[in-house]
Amino acid sequence: MPGRTTAGTVFATMFLPDRDHLIAADSLGRLMIWAVNPLLDVSFWESADKDTKPGPIFVHQAHDCAIYSMSLLGADRLITGGDDSFKVWRLADLLSTETPVPLSTVVQPQKTLGRGASGEIVEVNGLSVNKSNDTFYTAAGDGNGYAWDAETMQLKRVLKGHSDYLHCVGCYGDHTVITGAEDGKVLVWDARNSAKPEQLNQSKPGAPKSWIGALAVDQEGGWVAAGGGGRSVWLWHIASRKIVATMPTCGAVQVVDFCGDRILSAGAETAIYQWSRTGKLVNRVPTSEPSIYSLAHRPFSDQSDSHVLVAGGTEAQLALYYRSGLELGFFLSTPQAS
């Protein structure tokens with residue numbers, strides 16, 4: 001009897017600084033890497049079958065459990081966060097070695113129990129690095145945010161203010177940290193002091209709050225967008241702490257991203273949304289993906305093909321879109337595990 005195969009859910013995707021390599025992390029603890037530039041060349045598809053779904057050039061078993069988050073640390077390192085720990089990798093090793101070894105593996109603080117025992121390991125749901133690349137933050141399953149020294153990997157500070165586990169974290173500049181959690185709160189922290197965080201309001205006072213599952217920070221304009229179980233994306237101006245727009249969706253929001261002059265969102269529905277910075281719906285693109293957890297756009301350049309977006313979720317594939325109207329280009333296959 002043949003063994004059963006399993007397709008992992010893709011929780012995180014990103015383009016590497018070289019603008020060619022795409023990396024995806026999934027629920028099976030794998031890092032999968034594609035070289036995208038050759039796939040954008042017409043000559044590749046002239047010789048390929050029409051149903052071709054290019055596979056990754058590297059598949060690394062990076063964790064023994066799900067990987068929920070990734071973040072670049074400078075131009076040469078990658079942080080991955082999962083159920084067991086966070087790990088730091090050298091990008092050169094991921095792109096050239098079949099069995100890369102992490103530079104660091106760190107378990108987040110555990111509760112101390114009686115007789116010297118420790119509590120359960122806390123998962124890393126979100127990661128973000130500050131502008132100077134000297135500090136990064138983890139969004140943890142114990143309801144705390146943690147600040148870490150990027151060189152020594154030593155804990156610098158604990159952010160206590162949420163009443164339930166954190167889903168996401170983002171940095172604005174060097175000193176502003178924003179967290180979103182299951183308790184429905186979006187909190188803004190000043191990394192320079194221990195003052196209580198400020199809460200960003202997404203609804204009328206007294207209205208019930210839904211969990212916050214995703215947020216994104218626009219470094220140039222000073223904006224933060226967040227969404228979750230409330231089936232909306234909210235946009236705030238960070239400096240003034242004022243809400244600018246509320247963008248309703250048909251399903252829970254699981255990922256938000258800033259892309260040029262647009263805000264992108266997706267989640268528990270078969271669609272990707274494009275919004276203007278004023279909150280107006282620009283486009284709602286139907287997808288075959290029943291639930292999307294990650295969006296990654298290629299960094300902009302002067303090249304005409306710079307508008308490339310990749311979406312990943314519960315299907316055993318990634319969808320690649322190009323041009324500003326989110327026209328579907330092709331699918332990338334994610335390998336099944338036996």
Exercise. Please enumerate the residues belonging to the range 44-62 that are polar (S, T, N, Q) and outside any strand (DSSP E or B).
Key: SER47, THR52
Practice problem: Identify the residue in the range 12-53 that is under 27 Å from ALA214 (Cα atoms) and among the charged types (D, E, K, R) and, among all such residues, is nearest to the chain's Cα centre (by Cα). | Solution: ASP26
Quiz item: Filtering the range 138-158 down to residues that are of a type outside the set (Ser, Thr, Tyr) and open to solvent by 30 Å² or more (accessible area, probe 1.4 Å), which residue is nearest to LYS209 (Cα to Cα)?
Solution: ASP142
Quiz item: Residue check: is VAL88 β-branched (Val, Ile, Thr), at pLDDT 95 or above and either in contact with a Gly (Cβ under 8 Å, 6 or more places away or on another chain) or closer than 24 Å to GLU289 by Cβ (or both)?
Solution: no
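Out of all the residues in the range 54-69, is one or more within 19 Å of VAL122 (Cα to Cα), at pLDDT below 95 and among the charged types (D, E, K, R)?
No; the residues of the range 54-69 include none that is within 19 Å of VAL122 (Cα to Cα), at pLDDT below 95 and among the charged types (D, E, K, R).
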Quiz prompt | Residue match in the range 58-81 (condition: within 16 Å of SER333 (Cα to Cα) and aromatic (Phe, Trp, Tyr)) | solution = yes
Quiz item: Of all residues in the range 260-274, how many are small (Gly, Ala, Ser), under 17 Å from the mean Cα position of the chain (by Cα) and either closer than 17 Å to PRO299 by Cα or crowded, with 24+ Cβ neighbours inside 10 Å (or both)?
Solution: 3
Quiz prompt | All positions within the range 63-88 that are open to solvent by 10 Å² or more (accessible area, probe 1.4 Å) and in contact with a Pro (Cβ under 8 Å, 6 or more places away or on another chain) | solution = LEU72, ALA75, LYS87
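The values are calculated or read from the model by the stated rules, or taken from the named source; none is laboratory data. Everything quoted here is computed from the prediction, not taken from an experiment. Counting neighbours? That spans all protein chains shown, and the Cβs are built from the backbone with ideal geometry, glycine included. Protein only, heavy atoms only, side chains kept; ligands, DNA and RNA dropped before computing areas. Shrake-Rupley method; radii C 1.70, N 1.55, O 1.52, S 1.80 Å.
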